[in-house]
Amino acid sequence: MNIAIIGYGKMGHEIEAIAIERGHKVVLAIDKNNTHELNPILLKKVDVAIEFTTPETAFKNIETCLKAGVPTVCGTTGWLNRLEEAKRIAEQYNTALFYASNYSIGVNLFFKINQLLASLANKHCEYDVSIEEIHHTQKKDAPSGTAITIAQILSKELNRYNDWSLLPEFYDDRIPIKAIREGNVPGTHSVFFDSEQDQIILTHKAKNRRGFALGAMLAAEFSLDKKGFLTMDSLLNG
């Protein structure tokens, strides 16, 4: 495949290395210094685009790629107020949009484990649930998209919760999320089920960026020749 990497920072370089390992070619790499090169003419030589930028720029990048008929894999979080619009553009231009808050295979298995535990704990109202996430200081959004996804999964299974809140804001019917920014932490997410009698803690700790980059590359390969909106469930089930 010919790949466009949009967001040529640490994650972009990791994706490039994996793409080359897997026999693909990066024909377009976009960072803040050459954003003008993300245009329909240069996108004609691209089979699939992988987008990891910022919440402020993500939608415009996605829109440009989709309107050029290029399947687009997006790992940027913090822009989801325009996700439905992006889905409609993908449908209109007969191409694919793949979005995940986290592309790590391990994290997506972690989602499934939390869903199962929450469904079982729903019968035992003595458990209070909370989430803690730790990321590097360069991460723009808080809480992380991954933490929000976990909270959404839990709140669907737990009748006592219907949303989430970012501490210090606290509400009885919302799952509290504590967001910590320190050092160069790739991403650590912990879910706490707490009662007076005991505590259950589930934790996923990323060791490096490679797991995220590999998942994004697998998503790009999966998206080729697909149409519509795709997720990690599409990939794992497919």
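The values are calculated or read from the model by the stated rules, or taken from the named source; none is laboratory data. Being a predicted model, the structure only gives us computed values, none of them experimental. Cβ atoms come from the backbone with ideal geometry, glycine included; neighbour counts cover every protein chain shown.
So the values come out like this:
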| read-out | value |
| --- | --- |
| Of residues in the range 154-192 being surrounded by 13 or more Cβ atoms within 10 Å (Cβ to Cβ) and among the hydroxyl-bearing types (Ser, Thr, Tyr), the one nearest to the chain's Cα centre (by Cα) | THR188 |
| THR149, sole failed condition from (1) in contact with a strand residue (DSSP E or B) (Cβ under 6 Å, 6 or more places away or on another chain); (2) buried (at least 19 other Cβ atoms within 10 Å of the Cβ); (3) hydroxyl-bearing (Ser, Thr, Tyr) | (1) |
| Residue satisfying condition, being closer than 22 Å to SER155 by Cβ, in a strand (DSSP E or B) and touching a strand residue (DSSP E or B) at 6+ places or on another chain (Cβ under 9 Å), within set VAL107, VAL129 | VAL129 |
| Selection status of GLY69, on the phi > 0 side of the Ramachandran plot, without any contact (Cβ under 8 Å) to a residue 60 or more places away in the chain and out of contact with any Phe, Trp or Tyr (no Cβ under 9 Å at 6 or more places or on another chain) | no |
| Cross-chain or 6+ apart pairs with Cβ under 7 Å, the range 45-62 first and free of Cβ contacts under 8 Å to residues at least 24 places away in the same chain, then among the polar types (S, T, N, Q) | ALA58/THR76 |
| Among (1) surrounded by 13 or more Cβ atoms within 10 Å (Cβ to Cβ); (2) outside the structural domain of THR72 (by TED's automatic domain parsing) - the single one HIS124 does not satisfy | (1) |
| Matching residues in the range 165-213 - criterion: being of a type in the set (A, V, I, L, M, F, W, C) and farther than 21 Å from ILE134 by Cα | none |
